[in-house]
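Participant: Encoded as structure tokens, here's the structure I'll be asking about.
The values are calculated or read from the model by the stated rules, or taken from the named source; none is laboratory data. What you see is a predicted model; the values in this text were computed from it and never measured. Note: ideal-geometry Cβ built from the backbone for every residue, glycine included; neighbour counts use all protein chains shown. Remember, those area values only see protein heavy atoms, side chains included, never the ligands or the DNA or RNA. Shrake-Rupley method; radii C 1.70, N 1.55, O 1.52, S 1.80 Å.
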Amino acid sequence: MSVLFEIKNLKAKIVEDGRMILNGVNLTINEGEVHAIMGPNGSGKSTLANVIMGSSKYEITEGDILFRGESILGLSTDKRAKLGIFMSFQAPEEINGVKMRQFLMNSYRNIHENDDSTALKISRNITSFAETVSMDNEFLDRYVNTGFSGGEKKKSEILQMGLLNPYITILDEIDSGLDVDALRIVAESINKFKTAQMGVIMITHYQRILNLVEPDFVHVYSNGQIIKTGDFQLAKDIEENGYSIVKELAGLTADGE
Amino acid sequence: MNTVYEKPTVNVHGDLLMVEHITERINSEKDYNKDIIDNIIKNSENSDLSKIRLFKFSEYEKLGFPVWKRAKLNGFDPKNYKKINIKTNLPLINTESAGIEAMEILGVYDFEGADRKFVLMSDAFFNSGFYINGKDYNNKEIVINYDLNENIIENTIIKMPENTNLRIIRIINGTKNDGFKNNVLRGVLEKNSSLTIINVNILGENDINIDNEFFDLKENSSLNIFDLHISGKISSPHIVVRFSEKNAKANIKPYFLGYGNTVTDMLYLMRFYGKDTFGSINGKGVLKDTAKSVFRGFLDLKKGAKEATADESEYTLVLSEKARAEAIPSLLVDENEVNAAHAASVGTINEDKLYYLMTRGFSTEEAKKLISMAIFEPFIDEIEQLHPETAEVIRNVIISKI
Ligand SMILES: Nc1ncnc2c1ncn2[C@@H]1O[C@H](COP(=O)(O)OP(=O)(O)O)[C@@H](O)[C@H]1O
Ligand SMILES: [Mg+2]
């Protein structure tokens with residue numbers, strides 16, 4: 001196992017209002033590992049994901065993000081994507097006028113620049129990935145996420161994970177807004193699409209998806225920091241006791257200072 | 001015979017008094033004159049038409065060319081006059097040799113157009129144009145190719161008799177120089193007839209294209225216009241639809257792409273007289289560089305147009321800070337029992353969509369292109385269903401220019 005991805009004392013603020021959201025995140029991910037990040041709403045989980053992707057809405061004030069030992073902070077979002085860093089969005093954008101299949105095809109070409117597969121082959125792959133996430137083929141002829149239900153959008157994101165086959169997959173609340181069936185399909189797809197070379201960051205508010213995609217590590221996240229790391233048992237504790245554990249831990253840190 | 005004259009502004013409309021705008025005009029030393037009209041008539045065997053030409057000329061000669069502040073037209077010098085030929089997929093009758101039915105339409109229907117001078121220019125001096133009768137081409141497709149390397153002064157008349165159906169594709173190819181095309185098109189749709197027109201104006205950055213079109217819709221007839229404008233020093237469509245009888249329907253889809261220093265100056269007027277009529281204008285466009293667009297969409301519901309539905313929307317995506325989009329939607333309602341809505345907006349590239357695409361490996365530039373192209377895609381898709389070759393032409397032009 002080798003170190004794939006490192007987040008070191010990462011601090012970031014919102015450009016618009018200067019508010020600090022990330023207050024020193026530390027995380028190391030090796031190939032093949034699944035890391036769950038659990039935290040209350042508003043704790044800055046999505047911000048962490050977006051800072052990793054290089055969103056221009058945030059400014060890093062301290063710390064570093066390393067991919068295979070090299071800082072990615074100087075890279076634009078598309079360059080990070082091309083390195084093999086993928087994020088599924090909590091609320092995927094609708095892009096009216098861009099056909100899903102064409103978008104997927106171009107995304108694949110962007111990220112696998114040296115792959116000379118024919119368009120036909122990629123198109124077939126797209127069809128088969130759509131089947132895996134039980135997305136009707138008809139959706140591929142629609143415009144990107146346009147008019148999709150919440151669940152369909154999430155399936156479309158997971159399809160992209162499968163197709164693009166990244167090294168780092170960040171799933172931001174992939175489980176939110178899914179009914180039981182859709183959750184099962186999405187979880188099964190994640191298990192199918194993750195590889196021994198891939199590191200996964202699963203951001204979630206609830207434990208339920210973790211019963212289906214088992215994490216190697218569970219991190220409790222609060223106020224822009226990882227405040228406790230454990231195994232699957234930690235997720236179960238949170239499920240039983242709610243985020244009161246977070247408050248206690250947060251209280252401890254505050255007292256300790 | 002009663003004449004029908006439509007113009008966008010109305011002096012007194014209910015209790016609303018609109019002051020009519022007086023156009024500033026400049027006379028041209030190169031303007032077409034009596035000698036030219038006499039020469040046309042001398043060589044014509046169509047005496048009815050010659051009378052019409054002369055009559056129109058009597059008004060024409062009194063007017064100078066307009067000054068358009070928005071479109072930066074400062075008068076105009078017409079090019080050397082000559083007769084031209086236009087390529088069509090099917091043999092068509094030239095307006096020059098059209099019979100009485102066509103002359104009636106020419107005599108009855110008149111309008112202001114983008115400017116009266118240009119309407120009269122095509123009426124008096126047309127050097128091209130067709131009389132298309134729907135019964136001769138029922139369920140067919142007419143493709144007309146215009147080449148702006150010729151000085152085109154068109155006068156086209158379309159008659160759609162009862163229960164006929166026709167599709168016309170008008171492709172205007174611009175030049176690298178200063179091409180000019182001026183058009184007057186009159187269309188009469190009788191009961192239950194259906195007409196689709198796809199206007200594909202692909203202009204060069206110094207071309208001027210003025211397209212005046214007037215349609216009269218009788219009972220239960222249906223008109224669909226796809227009106228695409230790419231570039232042009234000035235591309236100025238002025239399309240008037242008159243819903244004169246009940247259940248008539250019309251959809252106009254104006255789409256435009258402006259770049260460089262081009263101006264797209266559009267006016268679409270729907271005037272509702274008949275009951276249960278339906279009209280919609282749904283426009284979209286993209287502007288780059290220092291391009292400019294003016295979009296006037298007028299919905300005018302007259303007393304008696306009960307249960308008419310009128311709807312209008314317009315969106316312009318502006319890609320550069322120096323591009324200017326102006327939308328002037330207007331809704332005039334004389335009748336209480338109508339459904340009418342209009343909306344116009346101007347936007348820039350949505351940062352969240354841009355970011356989403358970038359997380360999928362698209363560079364900023366590629367993502368912007370994709371989002372801009374996406375504006376046209378639903379329009380092209382629709383044309384693809386009707387005429388795949390045209391859709392392909394449009395797609396390639398837009399991809400190369402956007
Ligand atoms: N682009 C932004 N503009 C303004 N506020 C933001 C922005 N991004 C995040 N925030 C704020 O930062 C905090 C953390 O948000 P977020 O990262 O979405 O939390 P989580 O994903 O854990 O629910 C919230 O208070 C949120 O309103
Ligand atoms: Mg979130």
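Participant: Pairs, please: C-beta under 6 Å, at least 6 apart or cross-chain, first residue of a type in the set (S, T, N, Q) and in region A:190-218, second open to solvent by 70 Å² or more (accessible area, probe 1.4 Å) and assigned to a helix (DSSP H, G or I)?
Facilitator: A:Gln207/A:Glu239
Participant: Can I ask one more? Among the residues that make up region A:59-67, is at least one of them within 12 Å of ligand 1 (Cβ to nearest atom), open to solvent by 10 Å² or more (accessible area, probe 1.4 Å), closer than 30 Å to A:Gly242 by Cβ and assigned to a strand (DSSP E or B)?
Facilitator: Applying the first criterion (within 12 Å of ligand 1 (Cβ to nearest atom)) to region A:59-67 yields A:59.
Still in the list and also open to solvent by 10 Å² or more (accessible area, probe 1.4 Å): A:59.
Within this subset, residues satisfying the condition of being closer than 30 Å to A:Gly242 by Cβ are none.
The answer is no; no qualifying residue exists.
Participant: What single numbered condition from (1) closer than 15 Å to A:Glu157 by Cβ; (2) assigned to a strand (DSSP E or B) fails to hold for A:Gly97?
Facilitator: Going through the list (1) closer than 15 Å to A:Glu157 by Cβ; (2) assigned to a strand (DSSP E or B), A:Gly97 breaks only (1).
Participant: Provide a single number: the residues in region A:133-188 that are within 16 Å of ligand 2 (Cβ to nearest atom), without any contact (Cβ under 8 Å) to a residue 60 or more places away in the chain and in a helix (DSSP H, G or I).
Facilitator: Within region A:133-188, residues that are within 16 Å of ligand 2 (Cβ to nearest atom), without any contact (Cβ under 8 Å) to a residue 60 or more places away in the chain and in a helix (DSSP H, G or I) number 1.
Participant: Still on this structure, please answer the following. Considering only region A:88-129, how many residues are within 13 Å of chain B (Cβ to nearest Cβ), of a type in the set (A, V, I, L, M) and open to solvent by less than 30 Å² (accessible area, probe 1.4 Å)?
Facilitator: Residues that pass the stated criteria total 6.
Participant: Here's another thing I want to ask about it. Just checking, which of A:Ile29, A:Ile85, A:Ile72, A:Ile52 is away from ligand 2 (no atom under 16 Å from the Cβ), within 14 Å of chain B (Cβ to nearest Cβ) and touching a residue at least 60 places away in the same chain (Cβ under 8 Å)?
Facilitator: Details: A:Ile29 fails: within 14 Å of chain B (Cβ to nearest Cβ); A:Ile72 fails: touching a residue at least 60 places away in the same chain (Cβ under 8 Å); A:Ile52 fails: away from ligand 2 (no atom under 16 Å from the Cβ).
Exactly one of A:Ile29, A:Ile85, A:Ile72, A:Ile52 is away from ligand 2 (no atom under 16 Å from the Cβ), within 14 Å of chain B (Cβ to nearest Cβ) and touching a residue at least 60 places away in the same chain (Cβ under 8 Å), namely A:Ile85.
Participant: Could you please find all residues in region B:349-397 being acidic (Asp, Glu) and within 7 Å of another protein chain (Cβ to nearest Cβ)? Even if it seems obvious, please write down each step before you answer.
Facilitator: In the first step, residues of region B:349-397 are kept if they are acidic (Asp, Glu); the result is B:351-352, B:365-366, B:377, B:381-382, B:384, B:389, B:392.
Of everything in region B:349-397, those that are acidic (Asp, Glu) and within 7 Å of another protein chain (Cβ to nearest Cβ) turn out to be B:Asp352, B:Glu377.
Participant: Report whether or not A:Lys8 is basic (Lys, Arg) and away from ligand 2 (no atom under 16 Å from the Cβ). Step through it out loud before you land on a result.
Facilitator: On the way: basic (Lys, Arg): yes; away from ligand 2 (no atom under 16 Å from the Cβ): yes.
Taking the combined requirement at face value, the residue satisfies it.
Residue-by-condition table, conditions (1) closer than 20 Å to B:Gly232 by Cβ; (2) of a type in the set (A, V, I, L, M):
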{"residue": "B:Ser293", "(1), (2)": "yes, no"}
{"residue": "B:Ala305", "(1), (2)": "no, yes"}
{"residue": "B:Glu351", "(1), (2)": "no, no"}
{"residue": "B:Phe362", "(1), (2)": "no, no"}
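Participant: For the subset of region A:1-44 comprising residues that are among the charged types (D, E, K, R) and away from ligand 1 (no atom under 15 Å from the Cβ), which member is least open to solvent (accessible area, probe 1.4 Å)?
Facilitator: Narrowing region A:1-44 to residues among the charged types (D, E, K, R): A:6, A:8, A:11, A:13, A:16-17, A:19, A:31, A:33.
Adding the requirement that they be away from ligand 1 (no atom under 15 Å from the Cβ) leaves A:6, A:8, A:31, A:33.
Numbers: A:Glu6: 41, A:Lys8: 94, A:Glu31: 49, A:Glu33: 15 Å².
The residue in question is A:Glu33.
Participant: I'm trying to understand the selection: among the residues of region A:1-26, which are free of Cβ contacts under 8 Å to residues at least 40 places away in the same chain and among the charged types (D, E, K, R)?
Facilitator: A:Asp17, A:Arg19
Participant: Does B:Ile22 qualify as being hydrophobic (A, V, I, L, M, F, W, C), in contact with a Ser or Thr (Cβ under 7 Å, 6 or more places away or on another chain) and either surrounded by 15 or more Cβ atoms within 10 Å (Cβ to Cβ) or within 29 Å of B:Met266 (Cα to Cα) (or both)?
Facilitator: Values: hydrophobic (A, V, I, L, M, F, W, C): yes; in contact with a Ser or Thr (Cβ under 7 Å, 6 or more places away or on another chain): no; either surrounded by 15 or more Cβ atoms within 10 Å (Cβ to Cβ) or within 29 Å of B:Met266 (Cα to Cα) (or both): yes.
Considered against the rule, which asks whether it is hydrophobic (A, V, I, L, M, F, W, C), in contact with a Ser or Thr (Cβ under 7 Å, 6 or more places away or on another chain) and either surrounded by 15 or more Cβ atoms within 10 Å (Cβ to Cβ) or within 29 Å of B:Met266 (Cα to Cα) (or both), B:Ile22 comes out as no.
Participant: Right, next: What pairs can you find where one residue is in region A:33-46 and within 14 Å of another protein chain (Cβ to nearest Cβ), the other is near ligand 2 (Cβ under 8 Å from one of its atoms), and their Cβ atoms are less than 9 Å apart, with a gap of 6+ or different chains?
Facilitator: A:Ser46/A:Gln90; A:Ser46/A:Asp172; A:Ser46/A:Glu173; A:Ser46/A:Ile203
Participant: Can you tell me which residues in region A:68-96 are under 25 Å from A:Ser149 (Cβ atoms) and within 16 Å of ligand 1 (Cβ to nearest atom)? Before the answer, list the steps.
Facilitator: Initial filter on region A:68-96 (under 25 Å from A:Ser149 (Cβ atoms)): A:86-96.
Once the filter is applied, which keeps residues that are under 25 Å from A:Ser149 (Cβ atoms) and within 16 Å of ligand 1 (Cβ to nearest atom), region A:68-96 yields A:Met87, A:Ser88, A:Phe89, A:Gln90, A:Ala91, A:Pro92, A:Glu93.
Participant: Continuing with this model, one more query. Being open to solvent by 20 Å² or more (accessible area, probe 1.4 Å), hydroxyl-bearing (Ser, Thr, Tyr) and under 18 Å from A:Ala91 (Cα atoms) is the filter here, so list the residues in region B:340-384 that pass it.
Facilitator: Correct list: B:Tyr355 only.
Participant: Right, another one. Looking only at region A:189-226, how many residues end up being part of a strand (DSSP E or B), more than 16 Å from ligand 2 (Cβ to nearest atom) and under 19 Å from A:Gly242 (Cα atoms)? Step through it out loud before you land on a result.
Facilitator: Here is the first cut: in region A:189-226, the residues part of a strand (DSSP E or B) are A:199-204, A:217-222, A:225-226.
Keeping just the survivors that are more than 16 Å from ligand 2 (Cβ to nearest atom) gives A:199-200, A:217-218.
Those still in the list that are under 19 Å from A:Gly242 (Cα atoms) too: A:217-218.
Of the residues in region A:189-226, 2 are part of a strand (DSSP E or B), more than 16 Å from ligand 2 (Cβ to nearest atom) and under 19 Å from A:Gly242 (Cα atoms).
Participant: Can you find, within region B:53-69, the residue that is nearest to B:Asp35 (Cα to Cα) among those that are surrounded by 17 or more Cβ atoms within 10 Å (Cβ to Cβ) and touching a helix residue (DSSP H, G or I) at 6+ places or on another chain (Cβ under 9 Å)?
Facilitator: Filtering region B:53-69 down to residues surrounded by 17 or more Cβ atoms within 10 Å (Cβ to Cβ) leaves B:53, B:56-57, B:60, B:63, B:65-66, B:68.
Going one step further and asking which of them are touching a helix residue (DSSP H, G or I) at 6+ places or on another chain (Cβ under 9 Å), we end up with B:53, B:56-57, B:60, B:63, B:65-66.
Numbers: B:Arg53: 13, B:Lys56: 15, B:Phe57: 11, B:Tyr60: 14, B:Leu63: 17, B:Phe65: 19, B:Pro66: 23 Å.
So, considering only residues that are surrounded by 17 or more Cβ atoms within 10 Å (Cβ to Cβ) and touching a helix residue (DSSP H, G or I) at 6+ places or on another chain (Cβ under 9 Å), the one nearest to B:Asp35 (Cα to Cα) is B:Phe57.
Participant: From A:Met198, A:Met161, which residue is open to solvent by less than 10 Å² (accessible area, probe 1.4 Å), more than 16 Å from ligand 1 (Cβ to nearest atom) and more than 14 Å from chain B (Cβ to nearest Cβ)?
Facilitator: Values: A:Met161 fails: more than 14 Å from chain B (Cβ to nearest Cβ).
Checking each option against the conditions leaves just A:Met198.
Participant: Where residues in region A:32-49 are outside any helix (DSSP H, G or I) and under 22 Å from A:Thr77 (Cβ atoms), which of them is farthest from ligand 2 (Cβ to nearest atom)?
Facilitator: So the first thing to find is which residues in region A:32-49 are outside any helix (DSSP H, G or I), and the list is A:32-44.
Filter once more, keeping what is under 22 Å from A:Thr77 (Cβ atoms): A:35, A:37, A:44.
Details: A:His35: 16, A:Ile37: 10, A:Gly44: 8 Å.
Across region A:32-49, the extreme among qualifying residues is A:His35.
Participant: So is B:Lys288 at pLDDT 95 or above, within 26 Å of B:Thr264 (Cβ to Cβ) and within 14 Å of chain A (Cβ to nearest Cβ) or not? Can you show your working first?
Facilitator: Working: at pLDDT 95 or above: yes; within 26 Å of B:Thr264 (Cβ to Cβ): yes; within 14 Å of chain A (Cβ to nearest Cβ): no.
When the stated conditions are applied, B:Lys288 does not pass them.
Participant: On to the next question. On the phi < 0 side of the Ramachandran plot and without any contact (Cβ under 8 Å) to a residue 24 or more places away in the chain - does that describe any residue in region B:80-94?
Facilitator: Going through region B:80-94, the residues on the phi < 0 side of the Ramachandran plot turn out to be B:80-94.
Now drop any that are not without any contact (Cβ under 8 Å) to a residue 24 or more places away in the chain, which leaves B:91.
Among the residues of region B:80-94, at least one is on the phi < 0 side of the Ramachandran plot and without any contact (Cβ under 8 Å) to a residue 24 or more places away in the chain, which makes the answer yes.
Condition check ((1) in a loop (DSSP other than H, G, I, E, B); (2) more than 17 Å from B:Val346 (Cβ to Cβ); (3) open to solvent by less than 10 Å² (accessible area, probe 1.4 Å)) across all residues:
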| residue | (1), (2), (3) |
| --- | --- |
| B:Phe215 | no, yes, yes |
| B:Asn220 | yes, yes, no |
| B:Ile252 | no, yes, yes |
| B:Tyr255 | no, no, no |
| B:Asn261 | yes, yes, no |
| B:Met270 | no, yes, yes |
| B:Ser280 | no, yes, yes |
| B:Thr290 | yes, no, no |
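Participant: On to the next question. Can you tell me which of B:Lys87, B:Lys82, B:Lys72 is closer than 19 Å to B:Asn183 by Cβ, modelled with pLDDT under 95 and open to solvent by 20 Å² or more (accessible area, probe 1.4 Å)? It would help to see each step written out before you state the result.
Facilitator: Details: B:Lys87 fails: modelled with pLDDT under 95; B:Lys72 fails: closer than 19 Å to B:Asn183 by Cβ.
Answer to the check: B:Lys82.
Participant: Moving on to the next point. Tell me which residues, restricted to region A:137-158, are open to solvent by less than 40 Å² (accessible area, probe 1.4 Å), away from every other protein chain (no Cβ under 12 Å) and away from ligand 1 (no atom under 16 Å from the Cβ).
Facilitator: Correct list: A:Phe139, A:Leu140, A:Phe148, A:Gly151, A:Lys155, A:Ile158.
Participant: If I ask for residues that are farther than 21 Å from B:Leu357 by Cα and in a loop (DSSP other than H, G, I, E, B), which ones from region A:103-132 would you list?
Facilitator: A:Asp116, A:Ser117, A:Thr118
Participant: Would you please name the residue that is farthest from A:Val3 (Cα to Cα), looking only at residues in region A:45-58 that are of a type outside the set (Ser, Thr, Tyr) and within 11 Å of ligand 1 (Cβ to nearest atom)? Talk me through it step by step, then tell me what you get.
Facilitator: Kept after step one, since they are of a type outside the set (Ser, Thr, Tyr), are these residues of region A:45-58: A:45, A:48-54, A:57.
Checking which are within 11 Å of ligand 1 (Cβ to nearest atom) leaves us with A:45, A:48-51, A:57.
On the way: A:Lys45: 22, A:Leu48: 19, A:Ala49: 19, A:Asn50: 21, A:Val51: 20, A:Lys57: 28 Å.
The qualifying residue farthest from A:Val3 (Cα to Cα) is A:Lys57.
Participant: Hey, B:Glu335 hits all of (1) open to solvent by 10 Å² or more (accessible area, probe 1.4 Å); (2) away from every other protein chain (no Cβ under 14 Å); (3) on the phi < 0 side of the Ramachandran plot; (4) not hydrophobic (A, V, I, L, M, F, W, C) but one; which does it fall short on?
Facilitator: (1)
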